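What follows is a single structure, written as structure tokens, with notes after it.
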Amino acid sequence: MAEITASDIDKILREKLASLQTNVETREFGQVIQIGDGIARVNGLKSAMAGELLEFVAHDGTTVYGLAQNLEEDEVGAVLLGDYTLIKENDEVHTTGRVVEVPCGKSLLGRVVNPLGIPLDGKGPIEAEGYRPVEFRAPGVIERQPVHEPVQTGLIAIDAMIPIGRGQRELIIGDRQTGKTSIGIDTIINQKGKGMICIYVAIGQKASTVATVVEALESHGALDYTIIVSAPASTSAPLQYIAPMAGAAMGEYFMYNGDDGQPASATNPGGHVLCVYDDLSKQAVAYRQMSLTLRRPPGREAYPGDVFYLHSRLLERAVKLNDKNGAGSLTALPIIETQGGDVSAYIPTNVISITDGQIFLQQDLFMQGQRPAVNVGISVSRVGGSAQIKAMKQVAGTLRLDLAAYRELQAFSQFGSDLDKATQQQLSRGARMTELLKQGRFAAMDVEDQVVAIFAGDQGFLDGMPVSDTLRFRDDLVQYMHTVRKDLKDKIATEKQLTDQIKEELLEAITTFKQSFIIAKK
Amino acid sequence: MPRNRLLIKKEIDAYAEVLLEMGESNDSVYSISAQLEEMKKVVNMHPGLREVLANDSIDENTRVTVMHEVFKEFDVELIKFVIFMAERRDIALLPRVAERYDQMVQDKFDVAILDVATVIPLDDELREKIKNKFAAQFGKEIVLREHVDAWLLGGMNVRANGRRVDCCTATRIERIRAELSSVSTGGER
């Protein structure tokens with residue numbers, strides 16, 4: 001750490017005094033008439049705007065910022081973003097003419113910040129390249145283009161059957177302890193070297209959980225391209241409320257600007273961003289608390305009437321911009337926690353209807369050892385094949401349907417044992433393919449490896465083997481392709497499709513590998 | 001049960017009109033305005049007083065005594081008026097009535113009411129200077145409500161229509177304090 005000398009301090013103080021504005025200040029002002037639960041009622045402020053940043057001046061001169069929410073005839077209802085215990089009745093409030101903004105830029109990468117952009121990781125102050133408003137209009141139809149590039153999660157079950165595209169909004173939904181966060185974190189880790197900026201927004205979580213996430217990202221070298229916005233359960237409801245929007249604002253900076261920091265255009269491509277909002281149910285709860293204390297009328301499950309709009313305007317900011325606007329993208333992975341698997345509750349149905357698909361995680365699958373515990377039957381991606389490389393489409397085209405048929409047969413077969421050969425074959429294949437989709441944490445696979453694994457299963461290479469050998473076979477095959485047949489793996493990566501020649505070579509390679517696998521096993 | 005806001009607005013208008021009539025008949029329009037402003041401040045600053053005045057379980061005589069005690073330097077008619085408001089459980093409307101009253105006075109007499117706070121009382125020369133300066137800005141005759149506030153240390157504060165021109169020494173010193181205390185040589189806040 002650099003040493004601080006008396007002359008440094010003297011210099012900084014002189015600079016500060018030189019830049020001091022001593023002109024007469026004309027400002028609109030009001031007074032706090034009531035305060036409690038982080039909510040203030042302020043009289044005056046006739047020209048306050050909805051969502052405007054308000055300055056509350058405490059008795060000791062400390063400034064606490066607030067957000068104008070309810071604009072009523074004779075008063076303004078505001079939520080406080082800082083330490084509201086400092087503010088008392090009759091304290092002064094000023095309008096600022098600004099909305100809430102957060103610092104943005106590359107200097108935030110690798111940092112843990114609160115929803116106002118203040119660092120929480122003890123790594124020193126952040127020199128922001130710019131500021132962006134927390135609330136920002138989502139791009140219109142003309143500025144967009146259809147989603148067509150994949151976001152590789154590294155998880156076979158998702159990349160093969162529920163593909164996510166850059167600019168898509170894919171919901172991750174499930175009960176507690178079903179691996180929702182793990183999917184988000186694995187996806188972030190898998191973006192290494194893919195030119196994607198990742199933003200992980202932790203809302204209403206335990207601070208220790210956030211620390212674990214930071215640790216995981218750091219140990220896998222993913223922190224360098226990730227910003228963590230942390231609003232743990234101990235922060236005030238307003239901060240939890242703005243956290244996902246702050247994360248989106250930080251992400252938008254990279255999408256709307258090129259690498260040089262200048263606005264993105266046809267010649268200056270914008271960046272690609274992945275935002276994980278973990279989780280929006282807690283944000284909705286924070287918003288409900290705010291709304292109830294602001295005396296807004298409660299609706300279903302006591303949520304305010306505009307909770308749908310809260311989530312829709314956030315998720316509409318996920319976009320794939322057209323080439324004229326730099327072709328940047330912001331992919332959103334919102335997470336929703338259900339209670340007892342009830343997806344028909346208010347917030348889950350809202351977010352399901354807003355997003356372009358959902359990944360359902362089920363507790364019973366998780367307990368059976370199917371991890372990620374994705375229920376591929378009811379999980380869906382509405383962007384579909386356009387977010388997959390052709391090779392994946394070729395091998396995984398019918399996988400969803402095959403697995404659906406397998407599950408149906410599996411349920412039916414429990415009633416009797418007299419099954420014809422074709423059915424037995426289908427059950428055997430289904431069991432192995434289901435096994436093939438299992439993946440541990442931090443064990444992301446390249447898309448080429450996924451293609452090879454599914455190809456092997458689809459071509460019946462797993463059929464004669466015990467189900468328990470499936471995972472070892474898959475992992476060894478991937479290893480084999482990385483070492484012995486790297487040429488073939490590279491060919492798939494370059495061509496991005498399985499030509500007849502590649503298919504032939506692949507069949508030959510897998511056959512050779514299988515022989516050695518069986519010999520090694522014996 | 002919450003009342004209709006339009007009805008409340010009409011009620012506020014009625015209170016303000018009565019006050020204006022009272023002021024005109026006693027030739028105390030501006031004095032009422034100044035006293036209402038002070039009353040508003042006192043009621044705002046003391047939530048306990050607000051509760052006592054609006055509390056039905058406290059007998060009327062006690063409430064009247066409290067009012068006389070708190071506002072003993074104010075106009076007797078005005079105190080009666082505020083007690084009447086309290087009896088009708090409308091004391092919470094006092095700040096809005098005061099605001100509406102000022103609005104009516106400004107509209108009716110085509111003047112602008114300015115609150116001027118200084119450390120020492122204004123002399124005639126300064127009073128004229130202030131009036132002339134703001135008359136040019138507002139395009140109206142200026143009526144000053146003068147306040148003495150030692151906290152300002154120097155200079156003055158002028159308030160009108162919810163805006164404030166702040167040129168007091170205390171604010172400038174406060175600004176310097178805030179600027180210097182935000183000096184950072186590294187580390188997080």
*Based on the alpha-carbon gyration tensor of segment B:5-102 and its eigenvalue square roots a ≥ b ≥ c, which shape applies: rounded if a/c is under 1.5, prolate if not and a/b is larger than b/c, or oblate?*
oblate
_Which of the three applies to chain A, rounded, prolate or oblate, going by the alpha-carbon gyration tensor with a ≥ b ≥ c and a/c under 1.5 meaning rounded?_
prolate
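Taking the Cβ of each residue in B:LEU20, A:LEU314 as the centre, tally the other Cβ atoms inside 10 Å and list the residues starting with the fewest. Working shown, then result.
Working: B:LEU20 18, A:LEU314 24.
The order, fewest Cβ neighbours first, is B:LEU20, A:LEU314.
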_Sequence gap of 8 or more, or different chains, plus Cα separation below 30 Å: how many lysine pairs satisfy both in segment B:60-189?_
9
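Within chain A, which is the longest segment that contains none of the GluC sites (Glu not before Pro) sitting in a DSSP loop with at most 13 other Cβ atoms within 10 Å?
Numbers: sites that count: A:GLU3, A:GLU72, A:GLU73, A:GLU127, A:GLU143.
In chain A, the maximal stretch lacking such sites is A:144-522.
Take the alpha carbon gyration tensor of segment B:110-181, find the square roots of its eigenvalues, order them as a ≥ b ≥ c, and report rounded if a/c is under 1.5; if not, report prolate when a/b exceeds b/c, else oblate.
Values: a/c = 2.62, a/b = 1.78, b/c = 1.47.
Prolate is the answer for segment B:110-181, as a/c is 1.5 or above and a/b outweighs b/c.
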_Cβ-defined net charge surrounding B:ILE12, 11 Å radius [Lys, Arg +1; Asp, Glu -1]_ = -2
*Hz values of 3J(HN,Hα) by residue in segment A:222-234 - Karplus curve (6.51, -1.76, 1.60), Gly and Pro given as x*: 9, 6, 4, 10, 10, 10, 10, 9, 10, 10, x, 4, 7
_Please list, in order along segment A:273-285, the HN-Hα scalar couplings obtained from phi with the Karplus expression 6.51 cos²θ - 1.76 cosθ + 1.60 (θ = phi - 60°), rounded to whole Hz, x for Gly and Pro._
10, 10, 10, 10, 9, 10, 9, 6, 5, 6, 5, 4, 5
*Cross-link reach list, aspartates and glutamates versus A:LYS324, counting only Cα pairs under 12 Å and skipping chain neighbours closer than eight places*: A:GLU143
*Among A:TYR480, A:VAL42, B:LEU53, whose Cα sits farthest toward the positive end of the charge dipole of the protein assembly as shown (+1 at Cβ of Lys/Arg, -1 at Cβ of Asp/Glu, about the Cα centre)?*
A:TYR480
*Local net charge near B:SER57, Cβ-Cβ under 13 Å (Lys/Arg +1, Asp/Glu -1)*: -2
*asked:* Quick check on the exposure proxy: order A:LEU462, A:LEU399 from fewest to most C-beta atoms within 10 angstrom.
replied: A:LEU399, A:LEU462
*For chain A, find the longest principal axis of its Cα atoms and tell me its angle to the long axis of helix A:237-256, 0 to 90°, nearest 10.*
70 degrees
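By DSSP, what percent of the beta bridges with both residues in chain B are antiparallel, rounded to the nearest 5?
Numbers: 10 of 18 bridges.
Percent antiparallel among DSSP bridges in chain B is about 55.
Give the percent of DSSP beta bridges with both residues in chain A that are antiparallel, rounded to the nearest 5.
Values: 44 of 74 bridges.
So the antiparallel bridges amount to about 60 percent of the total.
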*Cross-link reach list, lysines versus A:LYS489, counting only Cα pairs under 30 Å and skipping chain neighbours closer than eight places*: A:LYS192, A:LYS194, A:LYS320, A:LYS390, A:LYS393, A:LYS438, A:LYS503, A:LYS514, A:LYS521, A:LYS522
*asked:* Quick query: amide H of A:GLU149 versus all other amide H atoms, modeled in the peptide plane; which residues come in under 5 Å with a sequence gap of 5 or more or a different chain?
replied: A:ARG166
*Between 0 and 90°, nearest 10: helix A:470-483 axis offset from chain A longest Cα axis*: 80 degrees
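I need B:HIS46, A:HIS59 ordered by Cβ neighbour count within 10 Å, fewest first. Before the final figure, lay out the partial values.
Numbers: B:HIS46 15, A:HIS59 11.
With the fewest neighbours first, B:HIS46, A:HIS59 line up as A:HIS59, B:HIS46.
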_Crossing angle, helix A:486-495 versus chain A [Cα axis fit, 0-90 degrees, rounded to tens]_ = 60 degrees
*5 angstrom amide H check on A:ARG441, placed H, neighbours 5+ away*: none
*Net charge contributed by nearby residues that have their C-beta within less than 11 Å of A:GLU218 (K/R +1, D/E -1)*: -3
*Search the structure for amide H atoms under 5 Å from the amide H of A:VAL134, placed 1.01 Å from N in the peptide plane, and list their residues when 5 or more places away or on another chain.*
A:VAL100, A:GLU101, A:VAL102
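Pairs of Cα atoms under 8 Å, at least six residues apart: use those to get the relative contact order of segment A:291-347, whole percent. Numbers along the way, then the final one.
Working: 33 pairs, mean separation 12.4, N = 57.
Across segment A:291-347, relative contact order equals 22 percent.
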*Enumerate the calculated ³J(HN,Hα) couplings along segment A:53-62 in order (Karplus 6.51 cos²θ - 1.76 cosθ + 1.60, θ = phi - 60°), each rounded to whole Hz, writing x wherever the residue is Gly or Pro.*
7, 10, 9, 9, 9, 6, 4, 8, x, 5
*Which lysines have a Cα less than 25 Å from the Cα of A:LYS11, not counting those fewer than 8 places away in the same chain?*
A:LYS123
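Under 8 Å for C-alpha pairs, at least 6 residues apart: give me the relative contact order for segment B:5-102, rounded to a whole percent. Don't jump to the answer; show the numbers that get you there.
Numbers: 60 pairs, mean separation 41.0, N = 98.
Relative CO of segment B:5-102 lands at 42 percent.
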*Given springs between every Cα pair under 10 Å in a Gaussian network model of chain B, which of B:ALA34, B:ALA86, B:ALA135 has the largest fluctuation?*
B:ALA135
*Which whole-number percent gives the relative contact order of segment A:172-299, counting Cα pairs below 8 Å spaced six or more residues apart?*
29 percent
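None of the figures in this text is laboratory data; all of them are computed from the coordinates on show. Note that the structure is predicted; figures quoted are calculated from it, not measured. Cβ coordinates were reconstructed from backbone atoms using ideal geometry, including for glycine residues, and neighbour counts include every protein chain displayed.
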